[in-house]
1. Pull out a ≥ b ≥ c, the square roots of the eigenvalues of the alpha-carbon gyration tensor of segment 51-126, then state rounded if a/c is under 1.5, prolate if not and a/b is larger than b/c, and oblate in the remaining case.
2. Suppose each label sits 7 Å from its Cα in the direction of the beta carbon; what would the Arg195-Asp416 distance come out to in nanometres?
3. Which sequence of Lys220, Lys331 reflects their accessible areas, 1.4 Å probe, from the largest down?
4. In the chain, how many lysine pairs have Cα atoms under 28 Å apart, counting only pairs 8 or more places apart or on different chains?
5. Put +1 on the Cβ of every Lys and Arg and -1 on every Asp and Glu Cβ in segment 188-227; which of Val194, Ala219, Thr209 then has its Cα farthest towards the positive end of the dipole?
6. Answer with one residue from Met157, Ile65, Gln39: the one whose Cα lies farthest towards the positive end of the charge dipole of segment 27-174, charges on Cβ with Lys, Arg +1 and Asp, Glu -1.
7. Please state the relative contact order of the chain as a whole percent: Cα pairs under 8 Å, 6+ residues apart?
8. With the cut-off at 1.5 for a/c, could you classify segment 304-394 from its C-alpha gyration tensor as rounded, prolate or oblate?
Amino acid sequence: MSGNSGSNQMWGGRFASGPSAIMREINASIPFDKALWRQDIAASKAHVDMLAVQGIVSHEDAAQIAEGLDSVASEYELNGVPENWDLEDIHMTTESRLAELIGPVAGRLHTARSRNDQVATDFRLWVRDAMDQAELGLKQLQIALVTRAGEHADSIMPGFTHLQTAQPVTLGHHLMAYYEMAGRDRSRFADARVRMNRSPLGAAALAGTGFPIDRERTAKALGFDGPTDNSLDSVSDRDFALDYLMAAAQCSLHLSRLAEEFIIWASQPFGFVTLPDSLSTGSSIMPQKKNPDAAELVRGHSGRIVGCLTALMITMKGLPLAYSKDMQDDKPPVFEAASLLALSIAAMTGMVAEAKFRTERMRAAAELGYATATDLADWLVRQANIPFREAHHITGSAVKLAESRGVALDQLPLEDLQAIDARIDDRVYAALSVDASVASRASHGGTAPNEVRKRVAEARVALGLEESA
Ligand code: ARG
């Protein structure tokens, strides 16, 4: 991919010969920044409209330029953006095509502007859309989570710590934990959006401009809350991209953890879930296999997304004010992270919405593993007024005995329990069932089915799925 190799028509004036092949290639960002073409056209149209209103270019010239920009946009829409390395980037590609279409008047567009504030503006617009899309995608994931959680407010499964059976919980409660995470992720994108929504356009190369521009006007036209307040910061700030990547990285960690749950649950020894066929693959050699590839790739993608964040952090560290060409490398990691994140959110939304939960297997697993041992200890505290530490010790002996006989706690005869501690009576059995266990955990945010239903109801209102009561 290349074009003519003569001296560049836009900045070639002071150079005797054209850039070397290596220079052309290392300099070119058009292979990736062509993704900014819509933002570039929109920002140019806002800029030229303002130039006309301010009397910096004539209304006729501005109209011609705006019309020309529309034609370039139609061409891009139809045929894609041409990649000519000599034109370096999307900004010069568009301006050069504009000049071909409307002639020298195109040269007035770049008055009171630099590619430095231009790229900062375009990229902000792009990242703002990416933030909105992530937020929207996460809302869909939350909808899938509350829907399934509502169906499974009463479904009992083992709750784990250290991936060892700890206490029974409900599947609804477990799914709602991810609803909370997705909510924090949404708010991170929303916060970042508020912080970034200022227009750098008009900062020009680094110092502002002597032309009587109206930065409020261009800011408003592009949906920003106002202009940025320091021209040096405006052209060198990529916090908005880092904020996006940080939110994306954090979000991808959550998605990866959820994916990991599905991978474990779908394994044969667990058998807690049957993954949707639409998000699984078969093995070319083992006919019985159904692999959780989508979930595994979500888990894998989180590593790449964190890598994108690291890449841009390292690019930005140590850059003096204002613009340096290193900053051209800001786009590939953001573009990559955005497409990986969008896919990951969509895959996990489908997984949650369509998985078949094998609740009988979950319940059976919860009944194994002495998941209600804490309930026995709590019962001793409540009914026999035994200090918790002592109750813990007594329960330990009961678990040891049950384990040695290979039975569940509630299968130990009362005499045997009383031999361990005489204060135990037959009311204890009511506390040892998994249903009693989850029902008892009705503290705010606890796993009791009624608590889960309450939280699901609140969430459905928050998501606009239901009117508030
Ligand atoms: N392609 C460049 C970038 O992405 C545009 C800004 C170039 N500015 C400059 N002074 N060379 O950062």
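1. It comes out oblate by the Cα gyration axes.
2. About 5.9 nm separates the two model spin labels.
3. Lys220, Lys331
4. Close lysine pairs found across the chain: 18.
5. Val194
6. Met157
7. 16 percent
8. Oblate, because a/c is 1.5 or more while a/b does not exceed b/c.
The values are calculated or read from the model by the stated rules, or taken from the named source; none is laboratory data. Being a predicted model, the structure only gives us computed values, none of them experimental. Positions of Cβ are backbone-derived with ideal geometry, glycine not excepted, and every protein chain shown enters the neighbour counts. Ligands, DNA and RNA are stripped out before the accessible areas are found, and what is left, the full protein with its side chains, is counted by its heavy atoms. Shrake-Rupley method; radii C 1.70, N 1.55, O 1.52, S 1.80 Å.
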